[in-house]
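The structure appears right after this line, and notes come after that.
The values are calculated or read from the model by the stated rules, or taken from the named source; none is laboratory data. Keep in mind that what you see is a predicted model, and the values were worked out from it rather than measured. Surface accessibility is based on the protein's heavy atoms, side chains included, excluding ligands, DNA and RNA. Shrake-Rupley method; radii C 1.70, N 1.55, O 1.52, S 1.80 Å.
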Amino acid sequence: MSQKQNQLNVILNGESLWVPEGVSVAAALSLSGEDSCRVSVSGQARTPFCGMGVCQECRVTVNGLRRLACQTLCQPGMQIERTENE
């Protein structure tokens, strides 16, 4: 896929995704069409709730490290993975 002006490419669960520069990982998840960040131990999809890091519902793995999606800005080539059974 070619580079798009004012956008950057991230990898979300192994799939390439173009997002506008300056967006959070939470916004990128929403732009992907499925805004869930993780699956709870009871099997429920969890999504960003507070948008400021207090609720911690938006936990994802970014480049191998646990991060809050609402507090992390997308960077070119960033590897983002939704978290299962947490």
Computed over the chain, the relative contact order (Cα-Cα under 8 Å, seq sep at least six) in percent reads 35 percent
hull vol. (C-alpha, convex hull) per residue for the chain, Å³ -> 84 Å³
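Tell me, what is the per residue accessible area of the chain in Å², probe radius 1.4 Å?
Values: 5170 Å² over 86 residues.
For the chain, the solvent-accessible area averages 60 Å² per residue.
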Rounded to a whole %, the carbon-and-sulfur portion of the accessible area of the chain at a 1.4 Å probe is 46 percent
